[in-house]
Amino acid sequence: IPAAQPLGAERPALPRGANWTAFIFLAAVALIVIAGFFAEVRKIQGVKAPVSMPTMIQVIMLSAAALMLAVGRVAVDAVPKTATCRSGIVALVSIFGLAWLGDTFIAANKDVIVAAIGNLARTTPWTFSLCLFFASALLGSQAATMRALMPLGFALAIGPQYLIGMMAA
C-alpha cells in the first residue's frame, strides 16, 4: 500500500487532457440524467418505445469512455494494467454475471418459484419478505430479485407500503 501523501505536499501534475476527460465524463452523466427525465430524448425515429435507460447508460458511458481515450491521448495498452480498470472488470463480471445468472435461473424456473411463493404468501403474506430474502441470497442481486418477484407481490394484493418495507429483506 503506498504511503499517504502528507498534507500540503505537492501533487504530481495531471496529464495533458485530464481536464477535458473530466468534462466529458460530467457531460455524459448530465446526458444520462436528461435522458432519464425526458423519454423523448430516448426515442428513435420509427420505433414505438423509447430506448431503455440501462441501454442508454451503457451506450452513453461507453461512448464517453472512447471519447476520453481519444481526447486524453491515453496509452490504450496501459489501461488494463491500472488498478481501477482491474477492479472495474471484476465488478462488471461479478455484478452483470450474477444478475444474468439469476435472471436466467428465475426465468427457467419461474412457474415453480412463483407457484411456491404465491401459495405461501397467499396464506401468510408476511412470509413474502422471507421469500425475497432467500431469493436475493440465491440470486446475489437485490435488483434481480425485485424485478423477478415484486410483480408477484402486487398480484397477491400485498399493499405497496408493505412491499416497500419488504425490499430491505
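The values are calculated or read from the model by the stated rules, or taken from the named source; none is laboratory data. Since the model is a prediction, treat every value here as computed from it, not as a measurement. Every residue, glycine among them, receives a Cβ derived from its backbone with ideal geometry; neighbour counts consider all protein chains shown. Each accessible area value is taken on the protein alone, full model and side chains, heavy atoms only, with ligands, DNA and RNA left out. Shrake-Rupley method; radii C 1.70, N 1.55, O 1.52, S 1.80 Å.
Observations
- Every residue from the range 98-112 that is open to solvent by less than 70 Å² (accessible area, probe 1.4 Å) and at pLDDT below 75: A99, G102, D103, I106
- Across the range 112-152, the qualifying residues are those that are touching a residue at least 40 places away in the same chain (Cβ under 8 Å) and polar (S, T, N, Q), and the one among them that is nearest to F96 (Cα to Cα) is S141.
- Some residue of the range 16-24 being open to solvent by 80 Å² or more (accessible area, probe 1.4 Å) and at pLDDT 90 or above: yes
- Checking V47, V90, V59, V29 one by one, the residue that is assigned to a loop (DSSP other than H, G, I, E, B) and not basic (K, R) is V47 and no other.
- S94, sole failed condition from (1) modelled with pLDDT of 80 or more; (2) small (G, A, S); (3) loosely packed, with under 13 Cβ neighbours inside 10 Å: (1)
- Scanning the range 37-96 for residues that are among the hydroxyl-bearing types (S, T, Y) and over 22 Å from P15 (Cβ atoms) yields a count of 3.
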